[in-house]
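Please read the structure below before turning to the comments.
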Amino acid sequence: MAEGKGKVYLVGAGPGNEELLTVKAFDVIKRADVIVYDRLISDSILSKIPDDIEKINVGKNAGSHPVPQHEINKILMSKALEGKNVVRLKGGDPFVFGRGGEELEFLYESDISFEVVPGITSAIAVAAYAGIPVTHRDFCSSLHIITGHSKDGGSLEIDYDSLVKLKGTLIFMMSVASFYKIAEGLIEAGMNPDMDAAVVENGTRPNQRKFISKLCDISKVIAENQVKSPAIIIVGKVCALSEKLDWFSKLPLYGCNVLVTGPKKTSEKLVGQLSRLGAYVIEYSCIDTEPLDFDIDIKEYSWVIFTSSLGVQIFFKKLNEADLDSRHLYNKKIAAVGSQTAEELLKHGIRADFVPSKFDGKHLAQELLDSGKITSKDKVIVFRAKNGAKELVDIFEKSNISYTDVPAYATRYIKNDTIDINNFNYITFTSESCVKGFTDSFENTIDYSKINAICIGEQTAKAARAYGMNTIISDIATVSSMVEKIVEIYCAK
Ligand code: SAH
């Protein structure tokens, strides 16, 4: 903990898509001791916050009501007085209907120092993700951001006459419930009831929904489609460009829901690639891995085999802890089960001598033997998961190859059955253990035949098939190939 008084950083988190968090916001978050956040902060942003940082949700308390403003102020003050670096994280930009100004006034009065990190406001970014440029020289010369929420629950204070006269683009926030009144006000003040309008819910997020209509019909559209907060409503001629300029809903995996079952540490790449293609991805870790203690004395061996990138990571961490480096492997031949494992080795300056044509343990062992690279004169050491698939070592066993099987890490299963599997187009499995963790969680409470399982290889698919899942195997055993497979089958539909 820091000495003396801490500081409060008022930070805008953007509209919810984690890639729209600014570089500075992320930097401040990583250095924080405490994060005090609102309801609008998306799960994908929360999951980027390191685990050791205290997180306080003031968007909801036990009764599911927001924590009152004076309580939030108290939290900020007391944490800062404890000498902590406090991040007050708000959706969008903290000064756009975010009460950021009020909180800073309080900190000023309390003699607590602060900094502000502006954020990307949903008012503009959400429109952009719906193909609506908020200004355009052919249509308007001003932009107005208006709240549909009155300060103390009283009547709205919107100057409809002025808004109509200005002919600018109007962006209404916090207006889902009150928009029928707002539309009436605008029409009574002389706006054409056929003026173009749009409502965008969960903008910039993979579950974004957009509806384009006329001003006079937009309240009906909101009701019929049960549009919920957070949503913005845009009124103005620029909305007519939405069809032409929409790029987000044209991403190949837009509308595709994917559940990713791997351990959190290794799922990042898969989640990132799928999200960037527009998929709605939920991370559902039903396994975790923990490094085991093992001996790194490999003097007597001629071949060292790695069956996963995690195994490589753990091996090199151990070397590092022992004040050693990759030269420890200097006169060894090295095999990697697949391209991802080989890539991980390259990060440590090691180029694998052998990668099999098909990325699994069986092909690895068989091809090493068939090519004569490993013979009975060799001594082999394998670093892999405890209780991992036995095919690789079985082949060495049968061929009388002298080998040592080193469990470098163990898999822990996490029971987690709160998800409705019917909401997903695909569920990804990157190992047999993922299938086991997933099925252990649900046991026999779900109909596995409804699951389209995207599997990294035949062994994983075999495990999924045993439960009756429909299995689809990626062409090669890599995360990128799994993503390509999902795009291929989703786009063919
Ligand atoms: N400071 C925030 C706005 C806070 S007011 C900002 O600059 O974005 C809350 C309102 O913001 C919501 O009622 C909604 O109108 C809008 N909003 C925030 N995030 C949104 C999102 N992802 N999609 C649509 N509207 C959003």
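List of remarks:
- Failed condition for residue 123, given (1) within 9 Å of the ligand (Cβ to nearest atom); (2) under 21 Å from residue 213 (Cα atoms); (3) open to solvent by 40 Å² or more (accessible area, probe 1.4 Å): (3)
- Every residue from segment 153-190 that is within 21 Å of residue 137 (Cβ to Cβ) and either out of contact with any Leu (no Cβ under 8 Å at 6 or more places or on another chain) or away from the ligand (no atom under 16 Å from the Cβ) (or both): 163, 164, 165, 166, 167, 168
- Picking from residues in segment 260-299 that are part of a strand (DSSP E or B) and more than 22 Å from the chain's Cα centre (by Cα), the one that is surrounded by the fewest Cβ atoms within 10 Å (Cβ to Cβ) is 290.
- Check on residue 192, surrounded by fewer than 17 Cβ atoms within 10 Å (Cβ to Cβ), touching a residue at least 12 places away in the same chain (Cβ under 8 Å) and either in contact with a Phe, Trp or Tyr (Cβ under 9 Å, 6 or more places away or on another chain) or polar (S, T, N, Q) (or both): yes
- Matching residues in segment 445-459 - criterion: being in a helix (DSSP H, G or I) and either polar (S, T, N, Q) or open to solvent by 60 Å² or more (accessible area, probe 1.4 Å) (or both): 449, 450, 458, 459
- Any chance residue 98 is within 12 Å of the ligand (Cβ to nearest atom) and modelled with pLDDT of 95 or more: no
- Residue check for residue 162: open to solvent by 70 Å² or more (accessible area, probe 1.4 Å) and either among the hydroxyl-bearing types (Ser, Thr, Tyr) or assigned by TED's automatic domain parsing to the domain that holds residue 45 (or both): no
- The criterion of being surrounded by 17 or more Cβ atoms within 10 Å (Cβ to Cβ), in contact with a Phe, Trp or Tyr (Cβ under 6 Å, 6 or more places away or on another chain) and part of a loop (DSSP other than H, G, I, E, B) holds for residue 467.
- Residue 415 under 34 Å from the mean Cα position of the chain (by Cα), among the basic types (Lys, Arg) and assigned to a loop (DSSP other than H, G, I, E, B): yes
- Filter result for residue 217 (surrounded by fewer than 19 Cβ atoms within 10 Å (Cβ to Cβ) and in the same structural domain as residue 331 (by TED's automatic domain parsing)): no
- Elements of the type strands (runs of 3 or more DSSP E) sitting completely within segment 41-120 and holding at least 1 residues that are surrounded by fewer than 17 Cβ atoms within 10 Å (Cβ to Cβ): these cover 54-57, 114-117.
- Test result for residue 112, outside the structural domain of residue 235 (by TED's automatic domain parsing), more than 11 Å from the ligand (Cβ to nearest atom) and modelled with pLDDT of 95 or more: yes
- Test: residue in segment 234-242 that is open to solvent by 20 Å² or more (accessible area, probe 1.4 Å) and without any contact (Cβ under 8 Å) to a residue 40 or more places away in the chain: no
- Some residue of segment 435-444 being open to solvent by 50 Å² or more (accessible area, probe 1.4 Å), modelled with pLDDT under 95 and either under 24 Å from the mean Cα position of the chain (by Cα) or in the same structural domain as residue 338 (by TED's automatic domain parsing) (or both): yes
The values are calculated or read from the model by the stated rules, or taken from the named source; none is laboratory data. Note that this is a predicted model, so its numbers are computed, not measured. Neighbour counts run over all protein chains shown; Cβ positions are idealised from the backbone, glycine included. To get the accessible areas, we keep the full protein, side chains included, count just its heavy atoms, and leave off ligands, DNA and RNA. Shrake-Rupley method; radii C 1.70, N 1.55, O 1.52, S 1.80 Å.
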